[in-house]
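Written out below as C-alpha coordinates is the structure these notes cover.
The values are calculated or read from the model by the stated rules, or taken from the named source; none is laboratory data. The shown structure was predicted, so the numbers you read here are calculated from the model rather than taken from an experiment. Glycine gets a Cβ as well: all are built from the backbone with ideal geometry, and neighbour counts include every protein chain shown. Side chains included, ligands, DNA and RNA excluded: accessible areas come from the protein's heavy atoms. Shrake-Rupley method; radii C 1.70, N 1.55, O 1.52, S 1.80 Å.
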Amino acid sequence: NAGVTQTPKFRVLKTGQSMTLLCAQDMNHEYMYWYRQDPGMGLRLIHYSVGEGTTAKGEVPDGYNVSRLKKQNFLLGLESAAPSQTSVYFCASKSLEGHSYNEQFFGPGTRLTVL
Amino acid sequence: AQSVTQLDSQVPVFEEAPVELRCNYSSSVSVYLFWYVQYPNQGLQLLLKYLSGSTLVKGINGFEAEFNKSQTSFHLRKPSVHISDTAEYFCAVFGGFKTIFGAGTRLFVKA
(Lines give C-alpha, C1' and ligand atoms only; values in the text may rest on other atoms or scores of the structure.)
Protein backbone atom coordinates (compact mmCIF):
# COMPACT_ATOMS: atom_id res chain seq x y z
CA ASN A 1 0.00 0.00 0.00
CA ALA A 2 1.26 3.46 -0.91
CA GLY A 3 -0.91 5.11 1.77
CA VAL A 4 -1.53 8.79 1.04
CA THR A 5 0.33 10.33 -1.88
CA GLN A 6 0.46 13.95 -3.02
CA THR A 7 1.32 15.46 -6.38
CA PRO A 8 3.37 17.58 -6.95
CA LYS A 9 5.98 17.71 -4.15
CA PHE A 10 7.11 21.26 -4.99
CA ARG A 11 5.67 24.08 -7.05
CA VAL A 12 6.44 27.73 -7.67
CA LEU A 13 3.64 29.94 -8.99
CA LYS A 14 3.35 33.56 -9.95
CA THR A 15 0.61 35.67 -8.41
CA GLY A 16 -2.64 35.09 -10.26
CA GLN A 17 -1.76 31.69 -11.67
CA SER A 18 -3.91 28.68 -10.95
CA MET A 19 -3.03 25.12 -10.03
CA THR A 20 -4.47 21.90 -8.67
CA LEU A 21 -2.94 19.72 -5.98
CA LEU A 22 -3.82 16.04 -6.13
CA CYS A 23 -4.19 13.75 -3.15
CA ALA A 24 -4.72 10.02 -3.55
CA GLN A 25 -5.23 7.30 -0.93
CA ASP A 26 -5.43 3.55 -1.40
CA MET A 27 -6.84 2.65 2.03
CA ASN A 28 -10.52 3.03 1.09
CA HIS A 29 -10.93 5.78 3.69
CA GLU A 30 -14.12 7.78 3.81
CA TYR A 31 -12.77 11.04 5.20
CA MET A 32 -10.18 13.19 3.47
CA TYR A 33 -8.70 16.53 4.51
CA TRP A 34 -6.58 19.35 3.19
CA TYR A 35 -4.43 21.31 5.67
CA ARG A 36 -1.91 24.07 5.35
CA GLN A 37 1.07 24.30 7.66
CA ASP A 38 2.68 27.64 8.42
CA PRO A 39 5.47 28.34 10.93
CA GLY A 40 4.16 28.74 14.47
CA MET A 41 0.56 28.04 13.45
CA GLY A 42 0.41 24.28 13.32
CA LEU A 43 -1.99 22.72 10.86
CA ARG A 44 -5.08 24.59 9.77
CA LEU A 45 -7.93 22.82 8.03
CA ILE A 46 -8.80 24.21 4.60
CA HIS A 47 -11.54 21.83 3.38
CA TYR A 48 -12.57 18.30 4.08
CA SER A 49 -14.75 15.57 2.64
CA VAL A 50 -16.81 12.91 4.40
CA GLY A 51 -17.32 10.85 1.27
CA GLU A 52 -17.36 10.74 -2.50
CA GLY A 53 -19.17 13.74 -3.96
CA THR A 54 -19.24 15.71 -0.69
CA THR A 55 -17.04 18.57 0.53
CA ALA A 56 -17.16 21.04 3.39
CA LYS A 57 -15.31 24.16 4.49
CA GLY A 58 -12.74 24.06 7.24
CA GLU A 59 -11.08 26.83 9.19
CA VAL A 60 -9.37 28.70 6.31
CA PRO A 61 -11.27 27.95 3.07
CA ASP A 62 -11.01 31.32 1.30
CA GLY A 63 -9.11 31.23 -1.99
CA TYR A 64 -9.36 27.43 -2.32
CA ASN A 65 -11.78 25.01 -3.91
CA VAL A 66 -11.94 21.24 -3.66
CA SER A 67 -13.53 18.30 -5.38
CA ARG A 68 -13.98 14.64 -4.54
CA LEU A 69 -15.27 12.95 -7.62
CA LYS A 70 -13.78 9.59 -6.68
CA LYS A 71 -13.46 8.16 -3.19
CA GLN A 72 -9.71 7.75 -3.46
CA ASN A 73 -8.92 11.26 -4.74
CA PHE A 74 -9.26 14.71 -3.19
CA LEU A 75 -8.24 17.71 -5.29
CA LEU A 76 -7.33 21.14 -3.95
CA GLY A 77 -7.52 24.04 -6.39
CA LEU A 78 -6.14 27.56 -6.27
CA GLU A 79 -7.92 29.67 -8.87
CA SER A 80 -5.79 32.80 -8.51
CA ALA A 81 -2.75 32.25 -6.33
CA ALA A 82 -1.64 34.91 -3.87
CA PRO A 83 1.64 35.22 -1.91
CA SER A 84 -0.35 34.56 1.29
CA GLN A 85 -0.93 31.04 -0.02
CA THR A 86 2.75 30.22 0.18
CA SER A 87 2.74 27.27 2.53
CA VAL A 88 3.19 23.53 2.90
CA TYR A 89 -0.01 21.67 2.09
CA PHE A 90 -0.83 18.31 3.62
CA CYS A 91 -3.52 15.88 2.67
CA ALA A 92 -4.82 13.35 5.17
CA SER A 93 -7.37 10.56 5.23
CA LYS A 94 -9.24 8.73 7.93
CA SER A 95 -11.31 5.58 8.16
CA LEU A 96 -14.69 5.61 9.85
CA GLU A 97 -14.54 1.87 10.44
CA GLY A 98 -15.07 1.28 14.12
CA HIS A 99 -14.84 4.79 15.46
CA SER A 100 -15.05 8.36 14.23
CA TYR A 101 -11.99 9.25 16.28
CA ASN A 102 -9.59 7.05 14.35
CA GLU A 103 -6.21 8.51 13.54
CA GLN A 104 -5.53 10.47 10.39
CA PHE A 105 -2.94 9.29 7.86
CA PHE A 106 -0.93 12.05 6.22
CA GLY A 107 0.71 12.48 2.86
CA PRO A 108 4.29 13.79 2.51
CA GLY A 109 3.23 17.34 1.70
CA THR A 110 3.43 19.82 -1.17
CA ARG A 111 5.63 22.87 -0.75
CA LEU A 112 4.06 25.77 -2.66
CA THR A 113 5.69 29.15 -3.20
CA VAL A 114 3.73 32.02 -4.73
CA LEU A 115 5.87 34.88 -6.00
CA ALA B 1 -15.30 24.54 21.04
CA GLN B 2 -12.01 22.74 21.37
CA SER B 3 -8.56 24.26 21.53
CA VAL B 4 -5.04 23.00 22.04
CA THR B 5 -2.09 24.89 23.50
CA GLN B 6 1.43 23.59 23.25
CA LEU B 7 3.32 25.50 25.87
CA ASP B 8 6.78 25.36 24.31
CA SER B 9 7.58 26.22 20.70
CA GLN B 10 11.11 24.80 20.92
CA VAL B 11 12.74 22.38 23.33
CA PRO B 12 16.50 21.79 23.12
CA VAL B 13 17.81 18.79 25.02
CA PHE B 14 20.98 16.73 25.15
CA GLU B 15 21.05 13.16 23.95
CA GLU B 16 20.08 10.59 26.60
CA ALA B 17 18.38 13.25 28.75
CA PRO B 18 14.68 13.04 29.61
CA VAL B 19 12.20 15.33 27.90
CA GLU B 20 8.64 16.51 28.46
CA LEU B 21 6.59 18.30 25.81
CA ARG B 22 3.59 20.05 27.31
CA CYS B 23 0.08 20.16 25.92
CA ASN B 24 -3.08 21.67 27.41
CA TYR B 25 -6.50 21.39 25.87
CA SER B 26 -9.97 22.74 26.36
CA SER B 27 -13.18 21.13 25.27
CA SER B 28 -16.83 21.15 26.17
CA VAL B 29 -17.35 17.58 24.96
CA SER B 30 -15.63 14.25 25.51
CA VAL B 31 -12.22 14.35 23.95
CA TYR B 32 -9.83 12.01 22.35
CA LEU B 33 -6.21 13.12 22.42
CA PHE B 34 -3.34 12.44 20.05
CA TRP B 35 0.33 13.15 19.64
CA TYR B 36 1.73 13.18 16.12
CA VAL B 37 5.39 13.48 15.07
CA GLN B 38 6.70 15.14 11.93
CA TYR B 39 10.25 14.33 10.87
CA PRO B 40 11.98 16.83 8.55
CA ASN B 41 10.38 17.05 5.12
CA GLN B 42 7.78 14.41 5.93
CA GLY B 43 4.11 14.25 6.79
CA LEU B 44 2.74 13.67 10.27
CA GLN B 45 2.54 10.19 11.75
CA LEU B 46 0.76 9.02 14.86
CA LEU B 47 2.89 8.66 17.99
CA LEU B 48 0.17 7.70 20.47
CA LYS B 49 -3.45 8.33 21.36
CA TYR B 50 -5.74 8.45 24.40
CA LEU B 51 -9.28 7.31 23.88
CA SER B 52 -10.34 6.03 27.31
CA GLY B 53 -9.19 3.81 30.16
CA SER B 54 -5.69 4.05 31.63
CA THR B 55 -4.47 7.62 31.78
CA LEU B 56 -0.90 6.59 30.93
CA VAL B 57 -0.57 5.84 27.24
CA LYS B 58 2.46 4.28 25.62
CA GLY B 59 3.38 4.96 22.03
CA ILE B 60 6.05 4.19 19.50
CA ASN B 61 9.78 4.93 19.90
CA GLY B 62 9.63 4.87 23.71
CA PHE B 63 7.30 7.85 24.10
CA GLU B 64 4.44 7.97 26.59
CA ALA B 65 1.84 10.52 27.58
CA GLU B 66 -0.35 11.04 30.60
CA PHE B 67 -3.93 12.27 30.40
CA ASN B 68 -4.84 14.52 33.33
CA LYS B 69 -8.49 15.47 33.23
CA SER B 70 -8.40 17.84 36.19
CA GLN B 71 -5.52 19.83 34.70
CA THR B 72 -6.75 19.35 31.11
CA SER B 73 -3.28 18.28 30.08
CA PHE B 74 -1.76 15.58 27.91
CA HIS B 75 2.00 15.92 28.28
CA LEU B 76 4.38 13.79 26.22
CA ARG B 77 7.46 12.29 27.83
CA LYS B 78 10.48 10.19 26.99
CA PRO B 79 13.01 9.11 29.64
CA SER B 80 16.03 9.17 27.31
CA VAL B 81 16.05 10.87 23.92
CA HIS B 82 18.11 10.06 20.84
CA ILE B 83 19.38 12.26 18.04
CA SER B 84 16.80 10.61 15.81
CA ASP B 85 13.99 12.05 17.96
CA THR B 86 14.72 15.50 16.52
CA ALA B 87 11.39 16.43 14.94
CA GLU B 88 8.30 18.55 15.41
CA TYR B 89 5.61 17.19 17.69
CA PHE B 90 1.94 18.07 17.47
CA CYS B 91 -0.71 17.58 20.11
CA ALA B 92 -4.25 17.20 18.76
CA VAL B 93 -7.73 16.86 20.17
CA PHE B 94 -10.69 15.24 18.45
CA GLY B 95 -14.16 16.06 19.61
CA GLY B 96 -17.43 17.05 17.99
CA PHE B 97 -16.33 15.70 14.57
CA LYS B 98 -13.22 17.89 14.28
CA THR B 99 -9.53 17.42 14.99
CA ILE B 100 -7.74 20.52 16.26
CA PHE B 101 -3.95 20.60 16.15
CA GLY B 102 -1.64 22.58 18.38
CA ALA B 103 1.00 24.90 16.94
CA GLY B 104 3.73 22.28 17.40
CA THR B 105 6.85 21.89 19.53
CA ARG B 106 10.18 21.56 17.82
CA LEU B 107 12.44 19.14 19.70
CA PHE B 108 16.18 19.53 19.11
CA VAL B 109 18.34 16.72 20.43
CA LYS B 110 21.99 17.70 20.74
CA ALA B 111 24.97 15.33 20.95
Any lysines whose Cα falls less than 26 Å from that of A:Lys9, other than same-chain ones fewer than 8 residues away, would be A:Lys57, A:Lys70, A:Lys71, A:Lys94
Compute the Rg to Rh ratio over chain B from the alpha carbon atoms, using the Kirkwood formula for Rh, and round to two decimal places.
0.95
Convex hull volume per residue in cubic angstrom - Cα atoms of the stretch A:4-95
87 Å³
How many Å² of accessible area per residue for the protein assembly as shown, probe 1.4 Å?
48 Å²
With the 8 Å Cα cutoff and a minimum separation of six or more residues, chain B has a relative contact order in percent of 38 percent
Please check chain A for the longest run free of GluC sites (Glu not before Pro) that are loop-located per DSSP (anything but H, G, I, E, B) and have at most 12 other Cβ atoms within 10 Å.
A:1-78
Per the charge dipole of the stretch B:3-110 (beta-carbon charges, Lys/Arg positive, Asp/Glu negative, Cα centre), the residue among B:Val57, B:Thr105, B:Phe14 reaching farthest to the positive end is B:Val57
Which is farthest toward the positive dipole end of chain A among A:Ser95, A:Leu78, A:Leu45, measuring Cα position about the Cα centre, with Cβ charges +1 (Lys, Arg) and -1 (Asp, Glu)?
A:Leu78
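Exactly which trypsin sites (Lys or Arg not before Pro) in the stretch B:1-104 are in a DSSP loop and have at most 10 other Cβ atoms within 10 Å?
Hits after loop and neighbour filter: B:Lys69.
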Close lysine pairs (the stretch B:3-110; alpha-carbon distance under 22 Å; 8 or more apart or on separate chains) counted at 9
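Please compute the contact order of the stretch A:4-95 in relative form: average sequence separation of alpha-carbon pairs under 8 Å and at least six residues apart, divided by the residue count, as a percent.
Over the stretch A:4-95, the number comes to 37 percent.
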Return the average number of partner chain Cβ atoms within 10 angstrom of each residue Cβ along peptide A:101-111.
6
Given a 1.4 Å probe and the protein chains all in place, what does the accessible area of A:Asp62 round to, in Å² to the nearest 10?
130 Å²
Magnitude of the charge dipole, chain A, Cβ model with Lys/Arg +1 and Asp/Glu -1, debye to 20:
340 debye
Give the Kirkwood hydrodynamic radius (Å, one decimal) of the protein assembly as shown, defined as one over the mean of 1/r across all pairs of different Cα atoms.
18.1 Å
Please give me, ordered by residue number, the GluC sites (Glu not before Pro) of the stretch B:1-57 that lie in loop per DSSP and have at most 14 other Cβ atoms within 10 Å.
B:Glu15, B:Glu16
Among the trypsin sites (Lys or Arg not before Pro) within the stretch A:51-115, which fall in a DSSP loop and have no more than 12 other Cβ atoms within 10 Å of their own Cβ?
A:Lys70
